[in-house]
Amino acid sequence: MIRVQELTKRFGSKIAVDNLTFDVRPGVVTGFLGPNGSGKSTTMRCMLGLDRPDAGTTLFDDRLYRDLPRPLHEVGSLLDAGYVHPGRSARNHLRWLAAANGISRSRVDEVIALVGLEAVAGRKLRGYSLGMKQRLGLAAVLLGDPRTVILDEPANGLDPEGIRWIREVLVHLASQGRTVLVSSHQLSEMALIADDLVVIGQGRLIEQSTVDEFVARHADRWVRVVSPDATRFAGDVTAAGGAITAQVANGFDVRGLEPARVGELASQLGVVLHELSPQTGSLEDAFLSATSATVEYHSGVPA
Amino acid sequence: MIGLLRSELLKLRTITMNWVLGIIAVLFPVAITLIVAATTGDDEYTLASNVLEVLSGTNRVAVMLLGVIAAVSITNEYGFGTIRPTFAATPKRSRVVLAKGAVVVVTAMLIDTVVLFAGLLGANAVLPTRTDGTSLDLLGEPGLQAMLIGSVVLAGLAALAAYGVGMLLRSTPASVAMFILWPLLVEGLVGGVLIAITKDTNVMRWLPFQSGFQLGNLGSGFGGEGDVGFSRVVSGFYFGAVALGLSLLGTLSVQRRDA
């Protein structure tokens, strides 16, 4: 269980994290979302005491991080896969980490095998791709078999096989009752693995909820109708207060009416329906909708 | 703490550049001393102290290189970002600072011990017998023991000072430049100005590295007429206080700033 309480971090006059409070429960994957510059990475660094927060605390199973005698056994973190010395081998990188927390060399070899880096473990890290460094970072996370896992963009640079692998690893870790907090910009991935969400913007909490609640609250919803009488029925739906927003093959999308109301209308008018389905926007749609007011860097499309 | 010391030692010895600098630190003074010893033995005016002064002088190069290793041990952590996993693994930063400091200081002292004994014993072995039949005996030279102990202490204190500079500046180029230029250039210029103003060569004793280098001299003081420079021990304490001050300031900086 992670409990972040009233965390605040300023860089000069800029408030990067603003009185942020949220909980991360064990047994599920919690996605940590926010636009670029929203303070996700700063929050994670503050949680681990790497950046000194101006106010607030973070408790890991009711203990401050600095009070953990051997933190790698409690909290495994991967904030940036690039935090390695390029002249050192992967094995030696893990060995110095392990030595600092009294972890055996055999465990180092175990996690190297687990992330599939056995063949290149002796190679200098300057020759590693970003994807290989991500695997090494995950090996470091798993080194102490921690109860809590914190990952910042772990799928960056991974190929599709690697992305699937990290998804399975995170879901597996959560299924073992561990607390898993993951930030990612890959919302389609997040939709697949996350149960809970913490969404922030400009350093402030926008929402903490389950993925389903978040999508239901922020994503667009509509009804898809497919019928051999689509053209005629569209007029009837409009007359009943619906708004036709898109045409599909032999059908249309309607907003403003619940699926049950559309079904009743079809029944009353004797219209044959081949499809009547509620549609919901994606997590990406919900995220963009929820964070639109807090996006710091707006972009346009080239003319 | 033992695990942390092992971790820091592992970091130090798994970087090729540290080995390169360490090997140069050993080979340069030893090679120069052996060459001088082997080629000056026929000179009837050559004294044992001449050879030992060569060893003492070239050992300063070793001391500076060992200091560079100490400074880079911390600046590289910031440069490559490994300071973050380091502090994530050991959140009590003072323990990391202490362990790393202990490792670099002890390593510097051990390597310098190798330099001194290899130079001394090697030079003594290659000194040819003079044409008049007498021979030089480096091992019997007065002040040799103090020079050897002082040199090793100097290596440790210089490593501590460099480590402190590294913690304060966090940048490898800036820290190395400052550590090298401070004794070689800045103290030379400042010392020159001070001597010009005070007309007293002993004013140099207040310059930390000039004072610290007295630790490794065969004699003591600055060698001038009516020398009133600090004694070897006082020089050592003065330089030690500066090195300790730098490392304490560096520790404060590491404690307070974001990693």
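The values are calculated or read from the model by the stated rules, or taken from the named source; none is laboratory data. The shown structure was predicted, so the numbers you read here are calculated from the model rather than taken from an experiment. With ideal geometry, Cβ positions are generated from the backbone for all residues, glycine too; neighbour counts draw on all protein chains shown.
The residue pairs whose first member lies in the stretch B:15-34 and is without any contact (Cβ under 8 Å) to a residue 40 or more places away in the chain, whose second member is of a type in the set (Lys, Arg), and whose beta carbons are closer than 9 Å, counting only pairs six or more residues apart or on different chains, are B:Thr16/A:Lys124; B:Trp19/B:Arg13.
Return the residue satisfying two criteria in turn: it lies in the stretch B:69-81 and is facing chain A (nearest Cβ under 7 Å) and out of contact with any His (no Cβ under 6 Å at 6 or more places or on another chain), and of such residues it is surrounded by the fewest Cβ atoms within 10 Å (Cβ to Cβ). Among those that are facing chain A (nearest Cβ under 7 Å) and out of contact with any His (no Cβ under 6 Å at 6 or more places or on another chain), it is B:Gly81.
Residues that are among the aliphatic types (A, V, I, L, M) and in contact with a Lys or Arg (Cβ under 6 Å, 6 or more places away or on another chain) do not occur anywhere in the stretch A:128-147. Does A:Val262 meet the test of being in contact (Cβ under 8 Å) with a residue 12 or more places away in the chain and either buried (at least 18 other Cβ atoms within 10 Å of the Cβ) or among the small types (Gly, Ala, Ser) (or both)? For A:Val262, the condition - in contact (Cβ under 8 Å) with a residue 12 or more places away in the chain and either buried (at least 18 other Cβ atoms within 10 Å of the Cβ) or among the small types (Gly, Ala, Ser) (or both) - is met.
Selection of the stretch A:155-168 for residues being out of contact with any Asp or Glu (no Cβ under 7 Å at 6 or more places or on another chain) and surrounded by 20 or more Cβ atoms within 10 Å (Cβ to Cβ) yields A:Leu158, A:Ile166. Provide a single number: the residues in the stretch A:33-89 that are at the interface with chain B (Cβ under 10 Å from one of its Cβ atoms), part of a strand (DSSP E or B) and in contact with a Leu (Cβ under 9 Å, 6 or more places away or on another chain). Summing the residues that are at the interface with chain B (Cβ under 10 Å from one of its Cβ atoms), part of a strand (DSSP E or B) and in contact with a Leu (Cβ under 9 Å, 6 or more places away or on another chain) in the stretch A:33-89 gives 5.
List pairs: first residue in the stretch B:117-137 and farther than 17 Å from B:Ser49 by Cβ, second residue modelled with pLDDT under 75 anywhere in the structure, Cβ distance under 8 angstrom, at least six positions apart or on different chains. Correct list of pairs: B:Pro128/B:Gly41; B:Pro128/B:Asp42; B:Thr129/B:Gly41; B:Thr129/B:Ser135; B:Thr131/B:Asp42; B:Thr131/B:Glu44; B:Asp132/B:Glu44. Any residue that is within 30 Å of A:Asp23 (Cα to Cα) and either under 31 Å from the mean Cα position of the chain (by Cα) or loosely packed, with under 14 Cβ neighbours inside 10 Å (or both) - is there at least one of those in the stretch A:236-246? Looking for residues that are within 30 Å of A:Asp23 (Cα to Cα) and either under 31 Å from the mean Cα position of the chain (by Cα) or loosely packed, with under 14 Cβ neighbours inside 10 Å (or both), one finds none in the stretch A:236-246, hence no. Figure legend. Inter-residue proximity from the stretch A:155-166: first residues more than 19 Å from A:Gly31 (Cβ to Cβ), second residues modelled with pLDDT under 85 and of a type in the set (Lys, Arg), beta-carbon distance below 8 Å, spacing 6+ or different chains. No pairs are indicated. Screening A:Asp229 against (1) out of contact with any helix residue (DSSP H, G or I) (no Cβ under 6 Å at 6 or more places or on another chain); (2) closer than 30 Å to A:Asn19 by Cβ leaves a single unmet condition, (2). When restricted to residues that are crowded, with 20+ Cβ neighbours inside 10 Å and charged (D, E, K, R), the stretch A:49-89 contains 2.
Restricting attention to the stretch A:90-102 and to residues that are crowded, with 23+ Cβ neighbours inside 10 Å, facing chain B (nearest Cβ under 9 Å) and in contact (Cβ under 8 Å) with a residue 24 or more places away in the chain, the residue that is nearest to B:Pro85 (Cα to Cα) turns out to be A:Leu97. Looking across the stretch B:5-37, the residues that are surrounded by fewer than 17 Cβ atoms within 10 Å (Cβ to Cβ) and either within 14 Å of another protein chain (Cβ to nearest Cβ) or of a type in the set (Asp, Glu) (or both) come down to B:Arg13, B:Thr16, B:Met17, B:Trp19, B:Val20. If only residues of the stretch A:1-32 that are touching a Lys or Arg at 6+ places or on another chain (Cβ under 8 Å) and assigned to a loop (DSSP other than H, G, I, E, B) are counted, the one that is farthest from the other protein chains (Cβ to nearest Cβ) is A:Gly27.
Only residues that are assigned to a loop (DSSP other than H, G, I, E, B) and closer than 25 Å to A:Thr43 by Cα were counted across the stretch A:90-116, and they come to 1.
Assess whether B:Val254 counts as being at pLDDT 90 or above, under 23 Å from B:Gly101 (Cα atoms), assigned to a helix (DSSP H, G or I) and within 14 Å of chain A (Cβ to nearest Cβ).
Here the answer is yes, as B:Val254 does meet what is asked.
Consider the stretch B:90-111 and keep the residues that are more than 12 Å from B:Leu160 (Cα to Cα) and free of Cβ contacts under 8 Å to residues at least 60 places away in the same chain. The one that is nearest to the other protein chains (Cβ to nearest Cβ) is B:Pro91. Screening A:Ala293 with (1) over 30 Å from A:Leu181 (Cα atoms); (2) surrounded by fewer than 14 Cβ atoms within 10 Å (Cβ to Cβ); (3) among the aliphatic types (A, V, I, L, M) gives one miss only, at (1). Give the stretch A:174-226 a look and list any residue that's surrounded by fewer than 21 Cβ atoms within 10 Å (Cβ to Cβ), closer than 19 Å to A:Ser77 by Cα and modelled with pLDDT of 90 or more, or say none. Correct list: A:Ser175, A:Gln176, A:Gly177, A:Arg178.
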